[in-house]
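Chemist: Next up is a structure, given as structure tokens.
The values are calculated or read from the model by the stated rules, or taken from the named source; none is laboratory data. Predicted model, so just to flag it, every value in this text is computed and none were measured. Please note: Cβ atoms are built from the backbone with ideal geometry, for glycine as well, and neighbour counts cover all protein chains shown. When the accessible area is computed, the model is the full protein with side chains, heavy atoms only, and any ligands, DNA or RNA have been set aside. Shrake-Rupley method; radii C 1.70, N 1.55, O 1.52, S 1.80 Å.
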Amino acid sequence: LEFDLGQIDLGSFDHYMLKEIHEQPQALRVCLKGRIDNRAGKVVLGGVQPFARELARARRIVFVGQGTALHAAMVGEYVMEDLAKIPTEVEFASEFRYRNPIVEEGTVIVAISQSGETADTLAAVHEGRDRGATTLGLVNVVGSTIARDTDAGIYLRVGPEIGVASTKAFIGQVMVATMLAAFIGRRRFLSQEQLESLLAAMERMPDHIERVLLQSDAIRDATSRYVDRENWLFLGRGVNYPVALEGALKLKEISYIHAEGMPAAEMKHGPIALIDDGMPVVFLATKNSQYEKVVSNIEEVRSRGGHVIAVATEGDEEIGALCEEVFWVPEVPEPLQPIVNVVPLQLLAYHAAVMRGKDVDKPRNL
Ligand code: F6R
């Protein structure tokens, strides 16, 4: 058995989604277990080790996935280019498989999937494989078809996900993609010092998520002030752009509120026309290389009457003074920010759906 009964039992929680949100620190601990060798200062990824040299020589990496897994793949694109300096793209598996993709020598396809059974993602793997690519699977379900049909891979090890809305799988997918980027990066340009500081930060992530979870009641109260609004925007830049997409997806799929995610800078190219008095706009505004730009986007929204709900770094008084609501997250290195930043947005979506009387674990049509 790959899991024990406690993992599929609801316990004291009202819904599987809430249980799985709270399981995230432990899920991440298991995901990391045995994969960070502190003494040698390296990432240990047994599944991809035989391909280490080939991966370090890759000319192009293409992440494929759908839905939440695609958002994790988008984070993967950022971290792979940042840490491993390999040109990386991300594609909806459903687009990749049908568009006669170019697969040159040195292309590596990385499929991300919780279930390992999503038909489009599997077909993208086959398409890549048939055109000569090396294929990797970042998959949760052991022995699933994508896990079997890829050349190599890394299991997420976050335990079974029973709620339809994906939560702990997302943080597992992002963590595993980051480990892969660090694994390849160290074989290219990432220094030992950079790697060790990243590994130490990775090991602290479960504790950070625990801190964020303590705010669940405050997040519920804040959500209750906006839960009757039918249109929401989620904005972020850089590594937080996929988090904005994920926050919007979580809200729409379980509460049926219309929500859009986009890069914060894109807002002024049209969507800003939507902002009127009291529209909730959720900003990912943690301290990183794009912070100042995000602050000016927040000011643009505020000046048009939008209500800003921010995810911000603990102790950031500037954001505290500027926004109606703030969900605080601990300070972590930029590549790891999606792992903590997504958590308040999962809770926001959960509380909104419960307040609206929706069946959180079995959303309609899914
Ligand atoms: C969203 C959600 C879906 C899945 C998508 C891919 O909460 O669950 O968007 O992420 O259907 O599924 P997997 O990861 O199993 O390939």
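Chemist: Send over a whole-number figure in Å² for the accessible area per residue of the range 4-111, probe 1.4 Å.
Modeler: Ligands and nucleic acids excluded, the result is 48 Å² per residue.
Chemist: Something else: Which order do the peptides 320-328, 243-251 take when ranked by the mean count of other beta-carbon atoms within 10 Å per residue, highest first?
Modeler: Output ranking for 320-328, 243-251: 243-251, 320-328.
Chemist: Restricting attention to the range 164-207, which chymotrypsin sites (Phe, Trp or Tyr not before Pro) occupy a DSSP loop and are surrounded by at most 13 other Cβ atoms within 10 Å?
Modeler: Sparse-neighbourhood loop chymotrypsin sites (Phe, Trp or Tyr not before Pro): 189.
Chemist: Separate question: What is the sum of charges, Lys and Arg at +1 and Asp and Glu at -1, for the other residues whose Cβ falls under 12 Å from the Cβ of residue 77?
Modeler: The answer is -3.
Chemist: Still on this structure: Express the accessible area of the range 230-366 per residue in Å², computed with a 1.4 Å probe while the remaining protein chains stay in the model.
Modeler: Value returned for the range 230-366: 36 Å² of accessible area per residue.
Chemist: Convert 25 °C to kelvin, take the viscosity as 0.890 mPa s, use the Kirkwood radius over C-alpha pairs of the chain as Rh, and evaluate the Stokes-Einstein diffusion coefficient in µm²/s, rounded to a whole number.
Modeler: Once the numbers are plugged in, D ends up at 119 µm²/s.
Chemist: Which ³J(HN,Hα) values, rounded to whole Hz and listed in residue order, are derived for the range 157-172 from phi using the Karplus coefficients 6.51, -1.76 and 1.60 in 6.51 cos²θ - 1.76 cosθ + 1.60 with θ = phi - 60°, glycine and proline given as x?
Modeler: Using θ = phi - 60°, the values come out as 6, 9, x, x, 10, 9, x, 5, 6, 6, 10, 5, 5, 4, 5, x Hz.
Chemist: OK, next. Give the accessible area for residue 225 in Å² (nearest 10); use a 1.4 Å probe, count only protein heavy atoms, and leave out ligands, DNA and RNA.
Modeler: Accessible surface of residue 225 is approximately 130 Å².
Chemist: Rounded to the nearest whole Å³, what is the per residue volume of the convex hull around the Cα atoms of the range 218-352?
Modeler: Once divided by residue count, the hull of the range 218-352 is 89 Å³.
Chemist: Per-residue ellipticity at 222 nm for the chain, helices alone: DSSP H runs ≥ 4 residues times -39500 (n - 2.57), over residue total, nearest 500 deg cm²/dmol?
Modeler: Roughly -13000 deg cm²/dmol at 222 nm, from the helical runs in the chain.
Chemist: Here is a follow-up. Quick check: net charge around residue 294, other residues with Cβ under 14 Å of its Cβ, Lys/Arg +1 and Asp/Glu -1?
Modeler: Counting the neighbours of residue 294, the net charge comes to -2.
Chemist: Would you please give the residues with an amide H less than 5 Å from that of residue 314, counting only those at least 5 places away or on a separate chain, with H modeled from the backbone geometry?
Modeler: 329, 331
Chemist: Highest mean first, how do 95-102, 265-272, 33-40, 115-122 rank when packing is the count of other Cβ atoms within 10 Å averaged over residues?
Modeler: Listed from highest to lowest mean packing, they are 115-122, 95-102, 265-272, 33-40.
Chemist: Continuing with the same structure: Using Cα positions and a limit of under 25 Å, work out the lysines in reach of residue 19, with same-chain residues fewer than 8 apart set aside.
Modeler: 33, 168, 250, 252, 358, 362
Chemist: Based on the alpha carbon coordinates of the range 84-155, what radius of gyration and maximum Cα-Cα distance (Dmax) apply, in Å?
Modeler: Gyration radius and largest Cα-Cα distance of the range 84-155: 11.3, 31 Å.
Chemist: Counting only protein heavy atoms and using a 1.4 Å probe, what share of the accessible area of the chain belongs to carbon plus sulfur, as a whole percent?
Modeler: 48
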